[in-house]
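In what follows, a single structure is set out as structure tokens and then discussed.
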Protein chains: 2
Amino acid sequence: MLNERSLSVAPDCSDCPIRHRAVCARCESDELERLEQIKYYRKFEAGQSIIWAGDRMDFVGSVVSGIATLSQAMEDGRTQMVGLLLPSDFVGRPGRNTAAYDVVATTDVVMCCFRRAPFEDLMKRTPHIAQRLLEMTLDELDAAREWMLVLGRKTAREKIASLLSIIARRDATLNKRGAAAGPIVFNLPLTREAMADYLGLTLETVSRQISALKKDGVIQLEGKRHVTVPDMSRLMDEAGDDADGGLLV
Amino acid sequence: MLNERSLSVAPDCSDCPIRHRAVCARCESDELERLEQIKYYRKFEAGQSIIWAGDRMDFVGSVVSGIATLSQAMEDGRTQMVGLLLPSDFVGRPGRNTAAYDVVATTDVVMCCFRRAPFEDLMKRTPHIAQRLLEMTLDELDAAREWMLVLGRKTAREKIASLLSIIARRDATLNKRGAAAGPIVFNLPLTREAMADYLGLTLETVSRQISALKKDGVIQLEGKRHVTVPDMSRLMDEAGDDADGGLLV
DNA sequence: GCCTTTTGTTGATCTGCGTCAAAGCCCGGC
DNA sequence: GCCGGGCTTTGACGCAGATCAACAAAAGGC
């Protein structure tokens, strides 16, 4: 899910020779070595389903590159995205053997996985890992709660502005562009439908509100996916957040 | 927040002579002893605010008795409840010194608190505590995500049915009545307004939908708060959940 | 190149829920 | 007993967003 901590770790993770900094940012080298021994990689293509809710899940892991979504579906087909998995985000849950959500690769995805049983053993012997996981999970929880406010109380326009502003911020963090005053440019990693699933809207409403924000000069669009935000504070205003704190608590 | 694990721990917690089983269910006696040395109690009256979002927060703790709510507000007054704190639920976050949410006592509340600094020290020396906290936090995260589906995709009627069914289940668990086939009876611990804040609705809509469920025989009401559910599976049907899994993942 | 499929836009209409308003219920104070 | 304030219910009405539908614009496939 989107939050400061996972973002700040992301670049390290993809550079890190053993590719699991996210899990073990503070571990000593011998602990890293033990993690190293049980890890393996899996690749998924864009559009491919990584896990189905209810499936047996005998691994945990973290995203190395690409973007995946976490979502729930009702029998009648209504679906709600409950998380967006970015590089360094953790998937799976120690102590549970079935998946609670559908996980789908939005782009090509590489994951760094650990078989669950050895990982749990290792966690018992390595307090740092549980502490690191606790930190990450608390961040996820904050992000999920922040999103409950978006889903429960914001208007469609505010929802779109919230999503754009969160993606803009993520992008700025990933690319090490600090709080630049100038215009911000990024690509939307999601289809209109995926955005709708994240925001609890229909894809038509998403499209309409994006057009409206464009007409009002809050954003500029080239093609369908390339977004320019001339004035970030204006966008955050539209999102209805407090000027500074913003969406990341 | 509402979930199986916290529920199952609750009765033990209130019986436990040192009142922090929730945090340390698996600890050895000397670890319990160390926790014991840094704990203290705080009492709050119904309606009283326990913490304001943004306040400095120099303790963590767990609810011993009573019910409190966790919520976020926008500047214009719109508020969204993001969690319901029941006995044994944990409040506060190691590693952060300001509160992220408003916490309000719905009934009279007793909390068992630990000053943050000594608690964090203890956590570093006691791996069980971090592991236990991780488990609890993962449960909270699941509950929050489950609620995202409710907020984003369910109709008002389904939302009400979801809330009633979750409270009914909690009540059954607390009172050790298993999956009884017969009618289920409980008291609503929340005002219509608090329910609205939880469900992302207005209090009028909450009231109307409760009346509708009553008219349709899904529930019976005596007074405003005393609810009888003649057929639990019917209620869960109305909530739109899969028959078995239900809201607790 | 052309054809099919996926993705996105825009319009017309419908409806669920919010908003505004009035009145009923229940409890506690005096 | 009466009164006042918090909570709840119910009605009338309007609007934001869903739904249904048509079309445009990219993206592959061959």
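Descriptive notes on the structure:
- Shielding score for A:122-135, defined as the mean number of other chain Cβ atoms within 10 Å: 5
- Inter-chain shielding of A:149-157 (mean C-beta neighbours from other protein chains, 10 Å cut-off): 6
- Note on B:Lys124: lysines with a C-alpha under 21 Å away, same-chain residues under 8 apart excluded, are A:Lys124, B:Lys39.
- Extension gain (nm, one decimal) between A:Thr107 and A:Asp216, 0.36 nm per residue minus Cα-Cα: 36.2 nm
- Other-copy label distances relative to A:Gln48, 7 angstrom Cα-Cβ extension, nm: 5.7
- Spin-label model, A:Glu204/A:Asp58: points 7 Å from Cα along the beta carbon direction are separated by 4.7 nm.
- Partners for B:Lys214 among lysines (Cα-Cα distance below 23 Å; same-chain residues under 8 apart left out): B:Lys154, B:Lys159, B:Lys224
- Here A:Gly182 yields copy-to-copy label distances, from shortest upward, of 7.5 nm, the label point defined as 7 Å from Cα along Cα to C-beta.
- A crude spin-label estimate for the pair B:Val185 and B:Met74, with each label 7 Å from Cα along the Cβ direction, gives 4.2 nm.
- Positive minus negative residues near A:Asp216 (Lys, Arg vs Asp, Glu; Cβ under 15 Å): +1
- Spacing of the two label points (7 Å from each Cα toward its C-beta) at B:Glu33 and A:Arg115, in nm: 4.1 nm
Values in this text are rule-based calculations from the coordinates and carry no lab data. Note that the coordinates shown come from a computational prediction; the quantities given were computed from them, not determined experimentally. Counting neighbours? That spans all protein chains shown, and the Cβs are built from the backbone with ideal geometry, glycine included.
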